[in-house]
Amino acid sequence: MKNLTASGDFTQACFLGLDVHKKTIVVAQAQGCDSPRYVATLKHDRQTIEKFFQKIRQSNQTVFSTYEAGGCGYGLARHLKKLGITNLIAAPSKIVKPKGTLKNDKHDAIHLARLLRNHVLLDQKELHEVYLPDPADEAVREKTRQRHAFKRQVQVTRNQILGMLTRHGKRYTLTKTHWTQTHRKWMESVRFGHPILDESFRMYLDQLHDLEARVAQCDLELERIRQVWSKGPVVTALTALRGISLLAAISMVSEIGCFSRFDSAAQFMAFLGLTPSEHSSGDRVTRGRITKKGNSKVRSLLVEASCCAYRTLKSKDVFVKKCPANLPSELTNHAYKAQHRLYKTYWKLVHKGKNSNVARIAVARELAGFVWAIGVASESQLQTKTTS
């Protein structure tokens with residue numbers, strides 16, 4: 001929906017505000033410059049949506065619609081696009097809420113219709129569009145999130161097992177670390193002297209084995225997906241950076257979708273919530289913690305990558321050997337440059353007396369810039385190959 005005001009005269013267009021829920025869709029309409037009004041409450045199913053919006057299309061040459069991003073996903077936006085309706089998915093956190101104490105679905109839909117009309121006709125930029133991912137990218141993202149969910153459940157189950165052992169005085173002393181092969185064999189031999197406790201512990205172990213098998217299966221599927229995915233080369237390029245594993249790279253690419261939609265590295269950093277918050281006035285400049293806005297999953301991956309990877313340096317020969325084969329030399333050199341810069345950034349801040357966590361966040365912020373640069377470059381090369 002960018003630059004709509006420059007692309008035509010929409011003073012007679014139809015503007016629809018949709019308050020979307022799991023079972024219903026509340027619709028408000030603004031015809032041209034007229035005040036928006038409540039129109040209907042639709043059942044949220046494909047047949048009802050098609051019937052209603054086809055009728056709208058018959059009586060209006062140009063139709064715009066908007067709804068807030070939420071748990072209902074992107075299916076409605078894709079369906080409206082097939083029906084010939086220009087739709088904008090609005091970011092809820094950036095919508096200016098109307099003043100007053102009255103709030104219901106009808107008023108929310110009317111407010112969205114008003115904001116959409118002002119956005120298109122008056123260029124007031126009161127709505128901020130959410131990126132609509134490609135269906136293939138969204139499918140890969142679901143798989144990476146599923147793997148993350150299984151991994152989180154593995155950690156919860158491990159804590160439950162260790163807690164049960166501690167409560168009943170079963171202490172492991174053979175090695176210093178848990179979850180090694182020796183530790184697992186020891187757990188298989190543990191007996192509590194009561195059949196109910198033994199059965200409960202056995203079920204915990206079975207649950208852990210099942211979850212770990214699912215994580216391993218997800219890893220195999222993600223590797224297979226990378227080889228056939230259209231954005232597989234972008235994933236491979238990102239793994240040239242230290243601290244970015246194959247899993248982290250495929251998660252980043254599936255979450256971001258398209259790195260080129262960001263105009264600069266600074267904009268990408270701000271999207272991930274890695275820029276400092278600020279509360280300044282006049283000559284006083286006050287900056288605080290990072291904003292933590294935007295995509296938390298990618299931000300967490302970058303912070304994890306910065307924790308250990310950039311405390312040391314690798315020689316260029318060792319670095320190049322660990323880079324993916326057949327990677328363009330400019331991308332390899334860019335990743336090698338990132339290693340030196342982030343190493344200097346970390347130790348410069350530590351030697352200044354900064355907390356190590358502060359230094360890691362600073363490294364993660366700069367690493368985001370290199371991720372953006374390599375992502376944009378690899379996407380450009382991929383597009384060049386596709387067109388040629």
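Rule-based calculations on the coordinates, nothing more; no lab input. Keep in mind the model is a prediction, meaning the values are calculated, not measured. Counting neighbours? That spans all protein chains shown, and the Cβs are built from the backbone with ideal geometry, glycine included.
The table that follows gives values for the structure above.
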| item | result |
| --- | --- |
| Calculated Rg and Dmax of the stretch 135-228 using C-alpha coordinates, Å | 16.8, 54 |
| Residues whose placed amide H lies under 5 Å from that of T24, excluding near-sequence neighbours | H44 |
| Zone residues, the stretch 354-376, relative to R341, backbone N less than 15 Å from point 7 Å out along Cα-to-Cβ | 362-376 |
| Set of the stretch 52-68 residues, backbone N closer than 15 Å to the point 7 Å along the Cα-Cβ line of E138 | 67-68 |
| Pairs beyond 26 Å (Cα-Cα), from K23/K106; K176/K297; K22/K94 | K176/K297 |
| Kyte-Doolittle mean at least -1.0, axial Cα span of 18 Å or more - DSSP H helices of the chain | 105-121, 195-228, 296-308, 356-387 |
| Distance between modelled label sites at V318 and T86, nm, 7 Å Cα→Cβ extension | 5.6 |
| The stretch 224-340 shape via C-alpha gyration tensor axes, a/c threshold 1.5 | prolate |
| Within the chain: Cβ-based charge dipole about Cα centre, in debye rounded to nearest 20 (Lys, Arg +1; Asp, Glu -1) | 1220 |
| For T86, distant residues with modelled amide H under 5 Å away | V63, S65 |
| Partners for K143 among aspartates and glutamates (Cα-Cα distance below 13 Å; same-chain residues under 8 apart left out) | D219, E221, E223, E255 |
| Pair S264, Q12: separation of 7 Å Cα→Cβ label points (nm) | 4.3 |
| Shape of the stretch 6-118, Cα gyration tensor, a/c cut at 1.5 | rounded |
| Cα-based reach from K125 at 16 Å (exclusive), listing aspartates and glutamates while leaving out same-chain residues under 8 positions away | E68 |
| Sequence-separation-based contact order of the stretch 14-121, relative, with Cα cut under 8 Å and 6+ spacing, percent | 37 |
| Dipole magnitude of the stretch 37-195, debye to nearest 20 (Cβ charges: Lys/Arg +1, Asp/Glu -1, about Cα centre) | 760 |
| Estimated distance in nm for a label pair at Q31 and N355, the labels positioned 7 Å out from Cα along Cα-to-Cβ | 6.0 |
| Rounded Å value of the spacing that divides the Cα centres of the stretch 152-211 and the stretch 219-258 | 34 |
| At most 12 other Cβ within 10 Å, DSSP loop - trypsin sites (Lys or Arg not before Pro), the stretch 185-226 | R191 |
| Sorted peptide list for 310-319, 81-90, 328-337, criterion being average Cβ within 10 angstrom, highest first | 81-90, 328-337, 310-319 |
| Distance between the stretch 330-388 and the stretch 287-306 - C-alpha centres, whole angstrom | 14 |
| Per-pair calculated FRET efficiency, R0 = 22 Å: K99 and T286 via Cβ, rounded to 0.05 | 0.15 |
